[in-house]
1. How large is the convex hull of the C-alpha atoms of the range 212-336 per residue, in Å³?
2. Determine the gain in length on full extension of the stretch Thr243-Asp199; use 0.36 nm per residue of separation and subtract their C-alpha separation, reporting nm with one decimal.
3. Could you check the simple spin-label distance between Ala38 and Asp101, using points 7 Å along Cα→Cβ, in nm with one decimal?
4. If Rh is defined by the Kirkwood formula over all Cα pairs and Rg also comes from Cα, what ratio Rg/Rh do you get for the chain?
5. With the chain treated as a Gaussian network of Cα nodes joined by springs under 10 Å, which of Val304, Val153, Val43 yields the largest mean-square fluctuation?
6. Which whole-angstrom value gives the distance between the alpha carbon centres of the range 184-250 and the range 119-146?
7. Amide H of Leu132 versus every other amide H placed in the peptide plane: which residues, excluding those fewer than 5 positions away on the same chain, fall under 5 Å?
8. Karplus couplings for the range 67-77 from phi (6.51 cos²θ - 1.76 cosθ + 1.60, θ = phi - 60°), rounded to Hz, Gly and Pro as x?
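Just so you know, all these numbers are worked out from the coordinates, no wet-lab data involved. The model shown is predicted, which means the values in this text are computed figures rather than measured ones. Virtual Cβ from ideal backbone geometry, glycine too; neighbours counted across all protein chains shown.
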Amino acid sequence: MRKVARKRPTIHDVAAASGVSRGTVSRVLNGKGNVSLAAETAVRRAVAETGYVVNRAARSLKTSRTGSIVMVLSEPQERLFEDPNFSVLMRVATGTLAERDMSLVLMIAGGEGDRDRVARYLRGGHADGALLVSIHAGDPLLEAIERTGVPAVACGAVLGRESVIPYAAADDRGGARAMTEYLVAQGRRRIGMITGPLDTPGGSLRLEGFTGVLGRRASKQMIVHGDYTQAGGEAAMRRLLETVPDIDAVFVASDLMAAGALQALHLAGRRVPEDVAVGGFDDSAVATATRPALTTVRQPLAKVAEETVRLLIARLDEDRVDPVILPTELVVRESA
């Protein structure tokens, strides 16, 4: 049986419980004075009894904006420090908001307790909007955020909610096609792939780009699913080497996983690119730190962050917004 969500107390409930008018409640909550001590005491008691929380985001945006935006990262905390993409998104979003005299608050939503904390924060009216980063399809946080009424946009499409949640993203599918076509043009015939999580656009759309080029050659044994971590990339590459020992190229759906794949190939005695060519995706700081340096797909993360903020500001102003998809670029280095 589906649980019915409890209706959130309103200012009308506080007025009824305190026995004063809605206007008097409003004056008490806004600290505007002209209220008797008895009335103020009654209102404060009613607020405590009803559990009413002032929702500043529901007030007139012209007079009561908080001046802050929440960036919600739906990954475990350690991913924030491991993946350089997140620092780029944070840095650019912070700077773009600062130009508008707004602040960025980071909240991690990697587990149920974290998700509840984010929802409570937004319900309390502490932020004008939410920037969603690395949201997975079916994440219960999505419905919780929608119930708060706080405008939200995403960095990257939210699978299954593309028409509901506005987003800015790189062309994941097109970038993956470009990398796969490049590996084919290099004469590689046994090309495998390490995907990202398939409940994320970077996982599913990059896989679509890969299979769209190879067709039937993209057999299930040539595809291993990863988790966007370096350790996950290394483990996935080991599995590919076990199932496809004659593999001569691999497209990895992130630079961080590609760094792990390079490590697995090195330990297996495979030369890169002579024996196995390796292509990544992101063109993050990782791409030039590996040996050999990664051939990869550059996605314009800074521009994605800027566009995501722009879309959210437009939503705060109640303007209609459309998704923004930005082009990627193939960057050839030594690994392929």
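1. Numbers: hull volume 15.5 nm³, N = 125.
Convex hull volume per residue, Cα atoms: 124 Å³.
2. Numbers: separation 44, 0.36 × 44 = 15.84 nm, distance 2.44 nm.
Full-extension gain reported as 13.4 nm.
3. 4.3 nm
4. On the way: Rg = 24.5 Å, Rh = 22.0 Å.
When Rh is taken as the Kirkwood radius, the ratio is 1.11.
5. Of Val304, Val153, Val43, the Gaussian network model singles out Val43 as fluctuating most.
6. 32 Å
7. Amide H to amide H, under 5 Å and 5 or more residues apart or across chains, Leu132 pairs with Val72, Val153, Ala154, Cys155.
8. So the Karplus estimates, Gly and Pro as x, are x, 9, 10, 9, 9, 9, 9, 8, 9, x, 4 Hz.
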